[in-house]
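The values are calculated or read from the model by the stated rules, or taken from the named source; none is laboratory data. Since this is a predicted model, take the numbers as computed values, not measurements. With ideal geometry, Cβ positions are generated from the backbone for all residues, glycine too; neighbour counts draw on all protein chains shown.
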Amino acid sequence: MGTKQFKAESKKLLDMMINSIYTHKEIFLRELISNASDALDKLYFKSLTDTSVGLNKDDFAIMIEADKEARTLKITDNGIGMTEKELEQNLGTIAKSGSLAFKKENELGEDVDIIGQFGVGFYSAFMVAKEVKVKSKAYGEEQAFEWRSKGAEGYTVEPCDKETAGTEITLILKDNTEEENYDKYLDQYQLQMLVKKYSDYIRFPIKMEVEHTHYEEEGKEPTVTKEIETLNTMTPIWKRSKSELTDDDYNNFYIEKFMDYEPPITHIHAKNEGTATYDALLYIPARAPFDYYSKDYEKGLQLYSSGVMIMEKCAELLPDWFSFVKGVVDSEDLSLNISRELLQHDRQLKIIAKNLERSIKNELVKLLKNDREKYEKFFSVFGLQFKYGIYQSYGACKDTLKDLIIFPSSFEGKNVTLAEYVSRMKEGQNEIYYACGETKERIDLLPQMETFKDKGFEVLYFTQEVDEFAIKVLMEYEGKKFVSISDAKLDLDTEEEKEEAKKLADDSKEMLEYMQKAIEDKVKIVRLSNKLKTHPVCLASDGNITIEMEKVLNSLPQNENKVKAQKALEINPNHAIFGKLKALYENDKDKLSDYTKLLYAQAQLIEGLPIENPVEFANLVCDLMV
Ligand code: ADP
Ligand code: MG
C-alpha cells in the first residue's frame, strides 16, 4: 500500500506541530491519554449492556511504557479501537473545532501559547516524535491495522497483528537538540509528574512500571525493585472533596475541559444528597464564546451517570438565562441508557436543574455582594442575557433575576441594583425612575433630566433596547413601579404650588386645546409640565407603549404594522415661550398653530425621533428668521 497524503487542513496543523518551538510540548501526553480515555469510555459503556465485551470495570486501563534504548514512548489502551477506515478518517483529517479555533487565533498573530490551552489533539504527538505508529484493532473486528507517519510526507495504513481490541501508539522521539531534550519524556519522574499534572482525574488507571531504589544498609549497594503502579488518583475532580482542591486545580480542569484560554470568573462545586443525589462542578466563564449571542450557540452541561459520560451537552440542565454556564453534572439517579427524549421528562433531572439554578443564582448574589468589580465585569459580558431572560420568559424567572440586574444610574454615575435604588429613594418617592436613550450622555441631555437631578431623584439609565421591555415585564420592584421620566407625574413640593399649577392649567385650558388641534394627528394632548426647568418643551407618552418602545419595535424587521405611542406635548409654564404663546392665542392664532408645530418638532428632535415633515419644519424656521 502506498503513502497517502494528509488533507490540506490537516497538513497545515501538522506542519505547525512538527516545527513547533512551543515550550509546553509536554501536553502531547495529555492529549494521547485523553484520547485513550475516550476510547475506554466507549467500550466500557458498551460493556454495561453487552456481556460479550468480557471486561470488567477494573480491566480497563491505559499503559505507558518508555524504552530508553530505542527512544520510544508507547501509550496503550484496551478501548474501542479503530477500524482501517477510522484510522484514515480520524488521523488523516482534522475536523476538530479545537484545532481549527487554535489555527484561527494563530493566523491573527496571537500568542502561540494557545496550543497549551486548546486540545490540539492527536497531532500534538508530532511536537516530540519524528515518527508515530498507531496499531489499532476495533472492538468486534478480526483484523488489526497499523497507521504510520513521519509527518509531512504522508502516512500509510497496513494490516498488522494485534491480539485484543484497543490502540497502541508508539512515538519515536525526535533527536535531542541544543534547545530541546526529548529524552526527558522517557524519564520515569517526568512521566509521573506529567500524568499528575494533566491527567490525574482520568477515570481509568494510567499504569507504568516504576523503579524504586532502596538503600537498606550503609556501605551496601542499594536494591532496585520494579513494579507496575497506577499514576493517577482516578477520582474525577468533581467527586473529590472541596477541601483538597485548590483554585488552580479547578481552573486547570476548566481550561483543559472547556477549551477556554482564560480562567473562569468563579466556580461552583455542589454536592447534593437527598431528593436528588449529584456532584456538580460549574463554571462562570470570563468571556463569552464568539457565537454566544447567535443562534448557533448551544447551551448545556456535560452529564455523567455514576462517572460515565452519557451526554456532551444536556440543555435541560440550564435555563436560558444561565446558558453561559459550563460544567459537569454526575448523578447516580439517572439511568445510563436514557434517551434524549426520555431525559427531557425525567423528574430527577428536573430537580437537579432546579437545584443548580438556585446554586448559580446564589453564587452570583455572593459575587455581587463580595466582589462588585468582578460582578460588574461579569455583567458587562452576560448581563444582557438576564434582561432577555426576564422579557422572553414573561417574568417566570423574575424572582431569580430581579436582584441580579444592574443599571447605570445618575447617582454618582455608578451601576446600581434595584435594591440599592429602592433603599435610598427620597421620602415620598413611590416610583423607580428611568430614562431611555442611546447613551448616558444622550440621556443627560433630555430636558426632563434637569428637574429630576435638581430635585434629587435618582434616575436609571436604560441604554440597551431590551431594558424597558424587561422592566415592563417586571412591572415593579418591592412594590415600587417603574416610571419613565418622560411619563412621570411629579408631585409638587407644597400645597400652594399645587394650587397655583392647577389654576394655571385651568386658565390655559382653551389655549392648550387649540394647540392640540394644530397637531391633532400627532399628539393626544398638549399640557403644562412641572418636569421642565430651562427647556421649553418635551414629549411624554400617554399609554402603554412608550416612545422608546415605539422606536425599538419599529426598527424590528418583522414588524410591518408600525406601532405608535400615544404622545403628549408638554409645555414649560416657567419658560419665556409660555408668555409668548398666550399672547399669540389672544392676537394671532395662525401663528400660534405654526409655533405649536415648531415646538412639537423640537420635542421630537430632542427625543431622537425623526421629524415627519422636515420641509415644513425648515420652512417654518425660515419664516421666523426673515
Ligand atoms: P478529538 O479527541 O478531539 O476527537 P484527536 O485529534 O485527539 O481529536 O483525535 C482524533 C480522533 O481519533 C478521535 O476523535 C478518535 O476517534 C480517534 N482516536 C484517537 N486516539 C484514539 C484511541 N486511542 N482509540 C480510539 N480512537 C482514537
Ligand atoms: Mg483528543
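Taking the options E178, E88, E158, name whichever one is within 16 Å of ligand 1 (Cβ to nearest atom), surrounded by fewer than 17 Cβ atoms within 10 Å (Cβ to Cβ) and modelled with pLDDT of 90 or more. So that I can check it myself, show each step before the final result.
Numbers: E178 fails: within 16 Å of ligand 1 (Cβ to nearest atom); E158 fails: within 16 Å of ligand 1 (Cβ to nearest atom).
Of E178, E88, E158, the one residue that is within 16 Å of ligand 1 (Cβ to nearest atom), surrounded by fewer than 17 Cβ atoms within 10 Å (Cβ to Cβ) and modelled with pLDDT of 90 or more is E88.
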Inset, instruction - Any residue in the stretch 190-219 that's of a type in the set (K, R): show its pairings with residues that are loosely packed, with under 13 Cβ neighbours inside 10 Å at Cβ separation under 6 Å, as long as the two are six or more apart or on different chains. - result: K207/I228
Inset, instruction - Please name all residue pairs, on different chains or six or more residues apart, with Cβ atoms under 7 Å, provided the first residue is in the stretch 245-261 and is over 22 Å from E312 (Cβ atoms) and the second residue is in a helix (DSSP H, G or I). - result: L245/I237; D249/I237
Inset, instruction - Please give the number of the condition S149 fails out of (1) at pLDDT 90 or above; (2) within 12 Å of ligand 1 (Cβ to nearest atom); (3) of a type in the set (G, A, S). - result: (2)
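So, restricting to strands (runs of 3 or more DSSP E) that lie completely within the stretch 330-439, which ones have at least 2 residues that are modelled with pLDDT of 90 or more and among the aromatic types (F, W, Y)? Can you show your working first?
Details: elements: 406-408, 415-417, 431-436.
Strands (runs of 3 or more DSSP E) meeting the threshold: 431-436.
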Inset, instruction - Kindly check whether there is at least one residue in the stretch 99-122 that is modelled with pLDDT of 95 or more and within 12 Å of ligand 1 (Cβ to nearest atom). - result: no
Inset, instruction - Please enumerate the residues belonging to the stretch 294-331 that are farther than 19 Å from K354 by Cα and either within 14 Å of the chain's Cα centre (by Cα) or aliphatic (A, V, I, L, M) (or both). - result: S294, K295, D296, Y297, E298, V308, M309, I310
Legend entry - Cβ-Cβ under 6 Å pairs, at least 6 apart or on other chains, the stretch 377-394 side in contact (Cβ under 8 Å) with a residue 24 or more places away in the chain, far side part of a loop (DSSP other than H, G, I, E, B) and surrounded by fewer than 17 Cβ atoms within 10 Å (Cβ to Cβ): V381/A288
Inset, instruction - Can you run down the residue pairs with Cβ atoms below 8 Å, 6 or more apart or on separate chains, where the first is in the stretch 347-358 and farther than 11 Å from N272 by Cβ and the partner is surrounded by fewer than 18 Cβ atoms within 10 Å (Cβ to Cβ)? - result: Q348/D333
Inset, instruction - Considering only the stretch 71-85, state which residues are more than 14 Å from ligand 2 (Cβ to nearest atom) and in contact (Cβ under 8 Å) with a residue 12 or more places away in the chain. - result: R71, T72, L73, K74, T76, N78, G81, T83, E84
Inset, instruction - Search the stretch 32-61 for residues being within 16 Å of ligand 2 (Cβ to nearest atom) and among the acidic types (D, E), and hand back the single one that is surrounded by the fewest Cβ atoms within 10 Å (Cβ to Cβ). - result: D38
Legend entry - Condition met for T494 (under 30 Å from S423 (Cβ atoms) and more than 36 Å from the chain's Cα centre (by Cα)): yes
Inset, instruction - Return the residue satisfying two criteria in turn: it lies in the stretch 291-312 and is modelled with pLDDT of 90 or more and among the charged types (D, E, K, R), and of such residues it is surrounded by the most Cβ atoms within 10 Å (Cβ to Cβ). - result: K299
Inset, instruction - Please determine, by comparing only the residues of the stretch 23-66 that are of a type outside the set (A, V, I, L, M, F, W, C), within 15 Å of T167 (Cβ to Cβ) and within 31 Å of the chain's Cα centre (by Cα), which one is nearest to ligand 1 (Cβ to nearest atom). - result: N35
Legend entry - Close pairs from the stretch 395-413: first small (G, A, S) and crowded, with 18+ Cβ neighbours inside 10 Å, partner part of a loop (DSSP other than H, G, I, E, B) and modelled with pLDDT of 95 or more, Cβ under 9 Å, at least 6 apart: S409/E458; S410/E458
